[in-house]
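**Q** Would you mind keeping the following structure in view while I ask a few things?
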Amino acid sequence: MTLPTFQLALPRTLPDAIELLRDHPSMRILAGGTDLLPSMRQKLFEPEYVLDLRRIGDLRGIRKTEQGTEIGALTTLHEIEHSELLRARYPVLVEAARTVASPVLRNMGTIGGNICLDTRCLWYNQSRAWRKSCGFCIKKDGDLCHVAPGGTKCWAAFSGDTPPALLCLNAEIEIASATGVRRIPLRDFYTGEGDNYRKLQPNELVTRVILPRASAGYRGAYRKLRIRGSIDYPLAGVAVAVKKSNGHVEHLQIAMTAVNPAPSLVKGLAQLLERGISDEAIAETAGDMAARIAKPLTTSALTPEYRREMIRVFTKRAVLDVLDQRPRTNDQRPTT
């Protein structure tokens, strides 16, 4: 489980980093390293070059703007967790960041890295010797999906905690390359394919996250299923953001993680609110809607049926907690 041999590039400016990516398109990007380095030890990636972004100060920081709030891609999850600005304006993001891994890893992990997190699967996140004994898989070195053997699609699950919160806030991301800068909604960044899961070219890197002013002040909650109370990736996760006016729910966003190859928004919630039903009925129906579009397979230690049911449970609890502003429960272990 030693690291493969590679050459490390340490640019000090964004233009220098982009130039290196242009010249070496197979280069891997290192921000916090909490995902890349373990994968390199498992020989999932054996790059000739690694681009270390940590010296580029322009990619750090949280700034309030006329349009909303900008977060540099190298901003650590620890900084997001403890930001008073984000806590006041976008609490669901703070709550999601707080659940990632452990304090030590949040000191290293970045928001950009969490957005670009590789998809995970029991058949993929193993040593090379283990994977070879099983004939490899579609995502790496093989042509068979052990999770869904009859198909040709990779079902590795996306397991980032902050992207569902960002989806609920209608976040956008800025992507830079040698040809310029583009800005896209985060919801358009993911493909829904486990092995080719993001729309990011080899010569591009994510530089900023943009939170719109219109989403500031939304109440929020994040619920996460994991076996241990810390360190673990989510096996199912739900983010909820709500805007209320005069006691009525004006806007409701729900997004899920770890139960599909991409983080996904629950659709049809606007029509649900138009029905004028009670908060309890909204929560119950929203839980059913979320569970219907969750498609967990045997990519993790818990059964798909249990993970789907916990999507229903967590969605209902989170919606009620946000609508009623009730004290939060610590829904982190697989209990009902």
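The values are calculated or read from the model by the stated rules, or taken from the named source; none is laboratory data. Given the structure is predicted, the values throughout are model-derived calculations rather than measurements. Remember, those area values only see protein heavy atoms, side chains included, never the ligands or the DNA or RNA. Shrake-Rupley method; radii C 1.70, N 1.55, O 1.52, S 1.80 Å.
**Q** Once you order the gyration tensor axes a ≥ b ≥ c over the Cα atoms, which shape class does the range 35-187 get: rounded for a/c under 1.5, otherwise prolate or oblate by comparing a/b with b/c?
**A** Prolate, since a/c reaches 1.5 and a/b exceeds b/c.
**Q** Using the Karplus curve 6.51 cos²θ - 1.76 cosθ + 1.60 with θ = phi - 60°, work out ³J(HN,Hα) for each residue of the range 137-150 in order, rounded to whole Hz, and write x for Gly and Pro.
**A** Here the 3J(HN,Hα) series is 8, 4, 5, 8, 6, x, 10, 10, 9, 5, 6, 9, x, x Hz.
**Q** Rounded to the nearest percent, how much of the accessible area of the chain (1.4 Å probe, protein heavy atoms only) is carbon and sulfur?
**A** C and S atoms contribute 50 percent here.
**Q** Roughly what angle does helix 14-23 make with the longest principal axis of the chain, taking Cα atoms, 0 to 90 degrees, to the nearest 10?
**A** 60 degrees
**Q** Then there's this: Would you mind calculating the relative contact order of the chain from Cα pairs under 8 angstrom and at least 6 residues apart, reporting the percent as a whole number? Intermediate values should be presented prior to the final figure.
**A** Working: 746 pairs, mean separation 55.8, N = 336.
Value for the chain: 17 percent.
**Q** Once every DSSP H run of n ≥ 4 in the chain is given -39500 (n - 2.57) and the sum is divided by its residues, what mean residue ellipticity at 222 nm do you get, rounded to the nearest 500 deg cm²/dmol?
**A** Working: 12 runs with 100 residues, N = 336.
It lands at -8000 deg cm²/dmol.
**Q** If the limit is 32 Å between Cα atoms, which of Lys153/Lys267; Lys199/Lys224; Lys64/Lys295; Lys140/Lys224; Lys64/Lys139; Lys224/Lys267 go over it?
**A** Lys64/Lys295; Lys64/Lys139
**Q** Under the rule a/c < 1.5 gives rounded, and otherwise a/b versus b/c splits prolate from oblate, where does the range 3-85 land using the Cα gyration tensor?
**A** Oblate.
**Q** Taking H placed 1.01 Å from N in the peptide plane, check which residues at least 5 places from Ala73 or on another chain put their amide H under 5 Å from its amide H.
**A** It is Arg208, Val209, by chain and number.
**Q** Given H placed on each backbone N at 1.01 Å, which residues far from Tyr49 in sequence or on other chains put an amide H within less than 5 Å of it?
**A** Residues meeting the criterion, in which the H sits 1.01 Å from N, are Gln7, Arg28.
**Q** Same structure again: Go through the range 106-116 residue by residue and turn each phi into a ³J(HN,Hα) via Karplus (6.51, -1.76, 1.60, θ = phi - 60°); whole Hz please, and just put x for glycine and proline.
**A** 5, 5, 9, x, 10, 5, x, x, 5, 5, 8
**Q** Connecting C-alpha atoms closer than 10 Å in a GNM of the chain, tell me which of Arg55, Arg228, Arg275 has the biggest fluctuation.
**A** So, out of Arg55, Arg228, Arg275, the one fluctuating most is Arg275.
**Q** Could you work out how far helix 279-293 tilts from the main Cα principal axis of the chain, as a 0 to 90 degree angle to the nearest 10?
**A** Taking Cα atoms only, the helix is inclined about 30 degrees.
**Q** If you take every DSSP beta bridge whose two residues both sit in the range 115-250, what share of them, in percent to the nearest 5, is antiparallel?
**A** Here the share of antiparallel DSSP bridges comes out near 95 percent.
**Q** Let me ask something additional. Once you order the gyration tensor axes a ≥ b ≥ c over the Cα atoms, which shape class does the chain get: rounded for a/c under 1.5, otherwise prolate or oblate by comparing a/b with b/c?
**A** Here the chain falls in the oblate category.
**Q** Pick from Ile175, Ile311, Ile80 the residue whose mean-square fluctuation is largest in a GNM of the chain, springs joining Cα atoms under 10 Å.
**A** Looking only at Ile175, Ile311, Ile80, the largest GNM fluctuation is found for Ile175.
**Q** Which of Thr285, Thr76, Thr152 moves the most in a Gaussian network model of the chain with Cα springs under 10 Å?
**A** Thr152
**Q** Quick one: accessible area per residue over the chain, 1.4 Å probe, rounded to a whole number of Å²?
**A** Roughly 44 Å² per residue, with all protein chains present.
**Q** On to the next question. Per residue of the range 57-67, what does 6.51 cos²θ - 1.76 cosθ + 1.60 with θ = phi - 60° give for ³J(HN,Hα)? Whole Hz please, x for Gly and Pro, Karplus curve as stated.
**A** x, 5, 9, 10, x, 10, 10, 7, 10, 5, 7
**Q** Restricting to Cα pairs below 8 Å that are 6+ residues apart, what does the relative contact order work out to for the range 179-333? Please round to a whole percent.
**A** Values: 228 pairs, mean separation 37.3, N = 155.
This gives 24 percent for the range 179-333.
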